[in-house]
1. Going by what's in this entry, would Phe749 be described as modelled with pLDDT of 95 or more and in contact with a Ser or Thr (Cβ under 7 Å, 6 or more places away or on another chain)?
2. Take Ser358 and tell me if it is under 21 Å from Leu425 (Cβ atoms), of a type outside the set (A, V, I, L, M) and surrounded by fewer than 23 Cβ atoms within 10 Å (Cβ to Cβ).
3. If you go through region 115-142, how many residues are closer than 22 Å to Ala13 by Cβ, of a type outside the set (Lys, Arg) and crowded, with 17+ Cβ neighbours inside 10 Å?
4. Are any residues in region 880-897 more than 38 Å from the chain's Cα centre (by Cα) and not small (Gly, Ala, Ser), and if so, which ones?
5. State yes or no: is Glu316 buried (at least 21 other Cβ atoms within 10 Å of the Cβ), acidic (Asp, Glu), modelled with pLDDT of 80 or more and out of contact with any strand residue (DSSP E or B) (no Cβ under 7 Å at 6 or more places or on another chain)?
6. Quick one: which helices (runs of 4 or more DSSP H) lie wholly within region 440-526 and hold at least 2 residues that are buried (at least 20 other Cβ atoms within 10 Å of the Cβ) and at pLDDT 75 or above?
7. Within region 57-76, can one find any residue that is farther than 18 Å from Gly169 by Cα, modelled with pLDDT under 80 and assigned to a loop (DSSP other than H, G, I, E, B)?
8. Sort out for me the helices (runs of 4 or more DSSP H) sitting completely within region 664-770 that have 3 or more residues that are β-branched (Val, Ile, Thr), assigned by TED's automatic domain parsing to the domain that holds Ser807 and under 21 Å from Met890 (Cα atoms).
Amino acid sequence: MARDNSTSVPSSAISFALKVLPPFRNVVKSLTKPPPSTISVVRESRTEPQPSSPPLRPFLAILGQYLDEAGKCITQWHASGCHKGSPEEKQVLNLLTLLEEATKDTPDFQRKKPSTYSRSSYSNLEAILRRSPREKRNSAIKCIKNLGDIRSRSKSDREKFQAELENLGELTGDKSRECLSDLPTEGIKEVDRAEYVQELHTILVEACACSLAGNPGFIVNVGLPLIEVETEQDSVPFSLFISHLHTDEDTFWGWRETQIGVILQSKSITDHSHISPEEFCKLTRKQTLSYPVLRGTRGSLTKERDNPPSIMVVNEPSVSLGNLLYQKKLKDDDALRVKLSYLVAKAVWQFYDSHWMSEAWSKDTIHFMKEEDIRDQSILAYLQRPFITANIGSGKQGSSTPCASESETDEKPVSACLHSYPKILSLGIILLEIFRGEGIDRFRMQQRFRDSEGNLHTDADLVIAGFLIESEKKGGPRKDKYISNIRELLKEVIDFCIKPDVEKLGRDSTQVRANLRTHVVAPLYQLYFKSCPEDYIPDPIELSPDSVSKGGPSSSQNCRFGVSASITASDQQSLELRQVQNPVPIRRDTEFYDKMANDDAADDDSADGELQIGGNEAQGEEASRRRTDKWIEGFLNLLIKHDIAARTGPNVIKVAIIDSGIDYNHREVDRSRIRDCKSWIENSDARVDKVGHGTHIAGIILQLTTNVELYIGKVTDTKKFKRRDLITEAIKHARTEWKVNIISLSFGFDESDTDENREIQNCIKEEIIIFSSASNDGGEGSRTYPAAYDRVICIHSATPHGIVAASNPSAISWGNNFSTVGEMVRSYWHLPKIEEEGRDKGRAYEFRYQSGTSMAAPVAVSIAAFMIGYLRKYAEGHNWAIDPWTPLGMQAIFQKMKEDRDGYEWISLQRYFRQKKTVGEVLRSLKKRLT
């Protein structure tokens, strides 16, 4: 459009922009790619295939496109005589202001733009134009470089910059241009080995056809960082660890390192004799200080040579990622998380259409070999060396056997699920768990994610993952901007997997796989190479000798442990911590369970009652806390293994805790499981716990059960109290109004009380089980009340090894002396204002270790809830002579579970289930006791 410029003053801003844009654009262009020397260093220090000239700073590459458009537009305006004060000049002033901000350490891209031109306002641009002063120019260039570097600027800075550029209208051209993303989705030239991956599976299926193969035949761990060596194009080597135990042997079991170079069927193998399945069996069972290097294709496998071992592995089951997450073993190392995420995502892409992924992977499919440091015999796991684990052989269907219903899942969106691509969702969940450093299992146990029968809802994992990633997004930025940016980018990739764009992913397997590479693998590749230092090697994780065998070794890796063939490979590989499966209501004879493994912890106050706390973490040692944590972990493993789910209706167990209330607002308390709270203290809310004792008791039960709902009765605001009448009223309310099944009482009085005893006996007559703590007075006192009342189950405190604490009263000779873990038990703790001490300590939500019979009582309640849930699941419909969920029935169960130790009867789930190897044995044992 022609302009009348006869009386107009030419725009100085336009002239300055024409001069400064070319050198600014040259700076951006020079920063878009790294210098050749940087590329050569990267290639020497990485074993992964390199990208084909990728834009390592995509933000700057796309910024260059904006600047090109702006340069063309300004040239046209200048040629047409753009004048001072025109709308075009205003846009140019806005652009110059944005570019000036881009050269500052702390840019403000949303600052108010000037209405008139002043060259002094653009001193950094002037320095770039004139190349002086040199320090100022170099500083400005560094700021531009930092703007495009995830190490220095957050994505929000770049998003603000782009938004302002797009507000410049026609000056910056086409608005359909892609966003200024932090990571490229194109230009990554990963080597696609899908054909070789599938061919490897075919080779192993043929080789593992040994007639003596037991159940599950061969265990194969395939290295996920695929070997990078100079070799012919049509041969790809795979690193494997193979284990095989004959059905007629139970004396030896071990790993055999093996390398197989896979050749596609188009090539034939000559000059070597073919290895039969029986020879392959002998080869993989032979224990030497070398490993065989094999070469083959379907129908032909030969041995080429022997090599010295690459790593020293321990002949024990490998440890799963799920186990490490559960034990909080992943260190707060973002470089490690990036590397592990990249390796897992790349493996999913490589293995996507193969039989290796006939079932979607999970954290329990990813394993790490247990390696030994020969210098001190320590056992280590190296997270940079993950493996995919599978069962092969004997014609059994496991995770490595094709399954039509699963293999077709991702080719056709599944209408029954909210997520159309289960394998992509599973990858997103694994990446989310790596990112958070913990699994999602504890969320899956919540009642809201299960139906009326206790079965996990179909879309539970999707909903849980969605909420967790959204909560991560809402988290505030870290002080370390570099780390904050890395985590932000990881969240974007995870979010893409959990909530994928169907149009981006495509609707058939080929498209999905290609887009998985583009939108997940490629960004993680760039993030890994940009964020991990050149010499980065993560520290290994030290494992205790039994760290992967909570309750026993992984049954999939040793058929001596009696796992039924009906259990999936994923279950078998992960008895130490399995993903909760959708349970099916079962009505079976006892014999059906014979092969299902159980094993995978001042004033005179003598008349006052006292909350029986033994001590806190200041009175114990770190080793004691670790032992109790380990015992609790074994307890939770059994809970997950047997899926003692959060059942509703008649199967839910109603437990009343009569104590000091509960901190209802503690961030860890699952309020959906707190059914009612009532206080018998005047002007005192039961949902406020001034002592912390009641919260700790409730926390133990909430953490160790999934089939329990709690009713909170508050009878004290202090550690010591006298009002027995309030206790009696609370117990009566629990019986008549709440109609509970179990009552937990963790306090004691030296004297009995007639009304209190009468009400407790009324509860027992109505088949309410009463658990009470013994006492913490040691040899100076005796069993207190209510624990000393008839038919109340009295609980003493012991270490995880079953050794009773010195604070316990002496054992009695005329009744039971049950003990369970009560020393150094970790649970919720709330430290509010403590009136006794005369000062306000404020509010602190945390965990605390406590010891004493008070802590042992709720652990016993949790054991009782487990056993009730166990019997309702596996012996549903059985006509019991003595119902297990009655006071007499639970006494009988504890009698059957006990181990006599120094006059006390030690109760431990792990010990009992180690003795009773199968569900069938447990049912026969308890049925005999309860008849």
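1. No: the conditions fail for Phe749.
2. Considered against the rule, which asks whether it is under 21 Å from Leu425 (Cβ atoms), of a type outside the set (A, V, I, L, M) and surrounded by fewer than 23 Cβ atoms within 10 Å (Cβ to Cβ), Ser358 comes out as yes.
3. 9
4. Selection gives Trp880, Ile882, Asp883, Pro887, Leu888.
5. Yes, satisfied.
6. In region 440-526, 441-444, 460-474, 481-498, 509-516 are the helices (runs of 4 or more DSSP H) which contain 2 or more residues that are buried (at least 20 other Cβ atoms within 10 Å of the Cβ) and at pLDDT 75 or above.
7. Taking every residue of region 57-76 in turn, at least one turns out to be farther than 18 Å from Gly169 by Cα, modelled with pLDDT under 80 and assigned to a loop (DSSP other than H, G, I, E, B).
8. It comes to 693-704.
The values are calculated or read from the model by the stated rules, or taken from the named source; none is laboratory data. These numbers were taken from a predicted model, which means no experiment stands behind them. Every residue, glycine as well, gets a Cβ built from its backbone with ideal geometry; the counts of neighbours run over all protein chains shown.
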